[in-house]
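Novice: Below are the structure tokens for one structure; questions will follow.
The values are calculated or read from the model by the stated rules, or taken from the named source; none is laboratory data. No experiment lies behind these values; they were computed from the predicted model shown. FYI the Cβ positions are ideal-geometry reconstructions off the backbone, even for glycines, and counts take in every protein chain you see. Note: accessible area is taken over every heavy atom of the protein model, side chains too, but ligands, DNA and RNA are not part of it. Shrake-Rupley method; radii C 1.70, N 1.55, O 1.52, S 1.80 Å.
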Amino acid sequence: QVQLVESGGGLVQAGGSLRLSCAASGRIFRIDVMAWYRQAPGKQRELVATTTPRGSTNYADSVKGRFIISIDNAKNTEYLQMNSLKPEDTAVYSCNARISTGLLRAPEDYWGQGTQVTVSS
């Protein structure tokens, strides 16, 4: 079994910064990719950023140049540094990881519980 535990959400003024963390634990054989998604009220879930254990990253256009995703392979933890936050960044942010729990086991998607990020204007 694998668990993803997030931390770091909260309330911040526009222009401020927050850092989210997501720690994966349990029976982890290999992490293929880790990602952050967000969902604002009344909107569909949006992919924010992805990273591989080798540090290959991708970002949604809406956050490029403001958000930085990173991974600490020794801790099986990913981070999302969010700078220059805007009110439209307000959402529930969820971490996701594609993890294999054994050599012969296909990777599966796991999700964190979600953390609220609110940016006031």
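Novice: May I ask you to list the trypsin sites (Lys or Arg not before Pro) in the stretch 1-48 that are in a DSSP loop and have at most 13 other Cβ atoms within 10 Å of their Cβ?
Specialist: 27, 43, 45
Novice: Which whole-number value in Å² is the accessible area per residue of the stretch 45-105, probe 1.4 Å?
Specialist: Counting only protein heavy atoms, the per-residue value for the stretch 45-105 is 52 Å².
Novice: Moving on to the next point. Can you pull the Rg over Rh of the chain, Cα-only, Kirkwood?
Specialist: 0.98
Novice: What is the mean projected area of the alpha carbon convex hull for the stretch 72-121, to one decimal in square nanometres?
Specialist: 4.6 nm²
Novice: Something else now. Which stretch or stretches of the stretch 86-117 have amide N atoms under 12 Å from the point lying 7 Å from residue 40's Cα along the Cα→Cβ direction?
Specialist: What the label zone holds, given the 12 Å backbone N cut-off, is 86-92.
Novice: Tally up the carbon and sulfur contribution to the accessible surface of the chain as a whole percent, 1.4 Å probe, everything protein left in place.
Specialist: Solvent-exposed carbon and sulfur of the chain make up 47 percent of the total.
Novice: What FRET efficiency comes out for residue 11 versus residue 68 if R0 is 35 angstrom and r is the Cβ-Cβ distance? Round to the nearest 0.05.
Specialist: 0.95
Novice: Another question, then. Let's see if you can work this out: charge +1 on each Lys and Arg Cβ, -1 on each Asp and Glu Cβ, no other charges. What is the dipole magnitude of the chain about its Cα centre, in debye to the nearest 20?
Specialist: Computed charge dipole of the chain: roughly 140 debye.
Novice: Taking springs between alpha-carbon atoms closer than 10 angstrom, which of 70, 62, 84 fluctuates most in the Gaussian network model of the chain?
Specialist: 62
Novice: Calculate, in whole percent, how much of the Cα-Cα pair population of the stretch 24-75 lies beyond 16 Å.
Specialist: So the portion of pairs separated by more than 16 Å is 48 percent.
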